[in-house]
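Colleague: What follows is a structure written as structure tokens; I'll ask about it next.
FYI, it's all coordinate maths here, none of it is from the lab. In this text the structure is predicted, and so the values were computed from the model without any measurement. Heads up, the Cβs are rebuilt from the backbone with ideal geometry, glycines too, and the neighbour counts pull from every protein chain shown.
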Amino acid sequence: MRKAVISFIIFVFLFILIFLLKGENIFYTSLSPLQRLFYGQAEDEFIANNLYLELEDTKLKIYQAENELLKRHLNFLETTKDNFILANIIGKGYEIGFDWFIIDRGQRDGVKNGLAIVDEKGVLIGTVVKVKDTIAYLRPIFDRHSSISADIIWESSQSDIEIVSGLVQGEYGSTIKMKYIPLGKAVNLGDTIITSGLEKNIRRGIIIGRVAAIDKKPNAIFQEIVIGPIFNPNFRIVSILLP
Amino acid sequence: MNILKFILLIFFTLFLMILEISWPNFPRSLSFILILIIVLLIEGSQDISLSNFKPKYVLILAIFGGILLDIYSIFPPGLFFLALLATTYIAHRFILPRFSLASFLSIFVIGILSSLVYQLLILIISYLYYFLNLLEARVIFDRFYWTIFWQAIIGNSLLILIFSLAVRLIGAKYKKLR
């Protein structure tokens, strides 16, 4: 009985130390380089030959690819004049229908809840949902619980620019749908979907995707749109857009 | 049990957690830490390969693994910690005693039951968090969710069977050498 009580007290103390007194930062700081290594290396080609020069050549190609990726990020961000932070994806998780990615920037770098995260082309990947001191959690737009206010822009037959608002939500697996679009609005395949600016901390005009399919059910008040995502599915370096 | 072996096992659990979180191609429905715990429970029982590995060490591993998973999860702390702790206790107290641990079919069934208990506990605790307003969204029971649910159970139980077999084979060879 006494042992059980002592064990219980130790566990409560550990819990408070790790989760309330930010002892988890020890794990974030010490494991982050290893996580970056695992997440970054897993998609590279396996080198069977151990020759030094071949390894060095591969490393140079990796740096070159990263350099190109960073240049594309900077090109987009210089054009839009956004304040941003670059971040690496160091992990991902899934449980009971919730998807998330872990990035290596946190509160200390200025990251806040609700910020938009984009890839190197400026396409929305997801939003920040939880922030710690040195890491943050990204909810991708294809997650079932992701919900972002968006607009569709298209040119009508009279050459007027039309805008209609709706809600972008994740569906089964990696499908993304835009819902609550009035039936009377004539949306076309290929129309661009952007963020509406109604979400706190997310500006208007970030591209989400294009209309891939239109779903009009009989007797329904609204139509639904399947969005063809155009973000890079193998994102490893992302930009967090600051407000 | 040798303290050095136990420390090595702690680091192994840490490595498994890093693999689970940071390997991009890791199958989303599997849980290496759950598999490790159930395999250790099965093989640590009397007269089987790891006979000096007592359940209390498995419990400590479950707590450590749960805390690690909680640190890197989007959920409020305690979800994986409580689920792993309760699964370990239920598996040790109620599931394992009802089966012959020598039979592979029994091990497969133990794997299915333990994985089922783990998934259900995670579901219940997440709903508890939702009702306590600690979680802003609840689980959506759609076709996709049930597909992943059953994939997780079958996948985890198959790996429990495979790793149990591997531990027994290695343990038997080690005893022969000694």
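Colleague: Averaged across B:16-25, how many Cβ atoms of other chains sit within 10 Å of each residue's Cβ atom?
Modeller: 6
Colleague: Same structure again: Toward the positive end of the charge dipole of the stretch A:147-229, about the Cα centre and with charges on Cβ (Lys, Arg +1; Asp, Glu -1), which of A:Leu189, A:Thr175, A:Ile214 goes farthest?
Modeller: Selected residue: A:Thr175.
Colleague: Same structure again: With contacts defined as alpha carbon pairs under 8 Å and 6 or more residues apart, what's the relative contact order of chain B in percent?
Modeller: RCO, chain B: 25 percent.
Colleague: Still on this structure, I have one more. Measuring from centroid to centroid over Cα atoms, what is the spacing of the stretch B:1-31 and the stretch A:92-131 in Å?
Modeller: Each part's Cα centre sits 24 Å from the other's.
Colleague: May I ask you to derive the relative contact order of the stretch A:147-229, considering only C-alpha pairs under 8 Å and at least 6 residues apart, and to give it as an integer percent?
Modeller: 28 percent
Colleague: I've got another one for you. Rank-order B:34-45, A:212-223, A:17-28 by packing density, defined as the average count of other C-beta atoms within 10 Å over each peptide's residues, highest first.
Modeller: Going by the mean number of other Cβ atoms within 10 Å, highest first, we get B:34-45, A:17-28, A:212-223.
Colleague: Pairing the Cα long axis of helix B:79-90 with the longest principal axis of chain B, what angle in degrees results, from 0 to 90 and rounded to the nearest 10?
Modeller: 40 degrees
Colleague: Let me ask you something else. Just how far, in whole angstrom, is the stretch A:1-36 from the stretch B:109-178 if you go by their alpha carbon centroids?
Modeller: 23 Å
Colleague: Would you tell me the mean number of C-beta atoms belonging to other protein chains that fall within 10 Å of each C-beta in B:72-84, as a whole number?
Modeller: Per residue, the average neighbour count from other chains is 5.
Colleague: Across the residues of B:131-142, average count of Cβ atoms on other protein chains within 10 Å?
Modeller: Across B:131-142, the average partner-chain Cβ count within 10 Å equals 3.
Colleague: Ignoring everything except DSSP H segments at least 4 long, calculate the 222 nm mean residue ellipticity for chain B; use -39,500 (n - 2.57) per segment, divide by total residues, nearest 500.
Modeller: -24000 deg cm²/dmol
Colleague: Within 10 Å, count the other beta carbons around each residue, average over each peptide in B:123-132, B:17-26, and list them highest first.
Modeller: Descending packing order for the listed peptides: B:17-26, B:123-132.
Colleague: Here's a follow-up. Going down the list A:Lys130/A:Lys179; A:Lys81/A:Lys179; A:Lys185/A:Lys217; A:Lys177/A:Lys217, which pairs span over 20 Å between their C-alpha atoms?
Modeller: The pairs that break the limit, which is 20 Å between Cα atoms, are A:Lys130/A:Lys179; A:Lys81/A:Lys179.
Colleague: Return the single residue from B:Thr88, B:Thr13, B:Thr147 with maximal mean-square fluctuation; model: Gaussian network over chain B, springs between Cα atoms under 10 Å.
Modeller: Greatest mean-square fluctuation among the candidates belongs to B:Thr147.
Colleague: In addition: So how compact is the protein assembly as shown: Cα radius of gyration and Dmax in angstrom?
Modeller: Cα radius of gyration and Dmax of the protein assembly as shown are 24.4, 88 Å respectively.
Colleague: Which of rounded, prolate or oblate describes the stretch A:140-230 when judged by the alpha-carbon gyration tensor and an a/c cut-off of 1.5?
Modeller: oblate
Colleague: Going by a ≥ b ≥ c, the root eigenvalues of the Cα gyration tensor, does the stretch B:3-177 fall in the rounded group (a/c under 1.5), the prolate group (a/b larger than b/c) or the oblate group?
Modeller: Since a/c reaches 1.5 and a/b is larger than b/c, the shape of the stretch B:3-177 is classed as prolate.
Colleague: Which of the peptides A:124-130, B:134-140, B:5-11 is most tightly packed, and how do the rest follow, going by the mean number of other Cβ atoms within 10 Å of each residue?
Modeller: A:124-130, B:134-140, B:5-11
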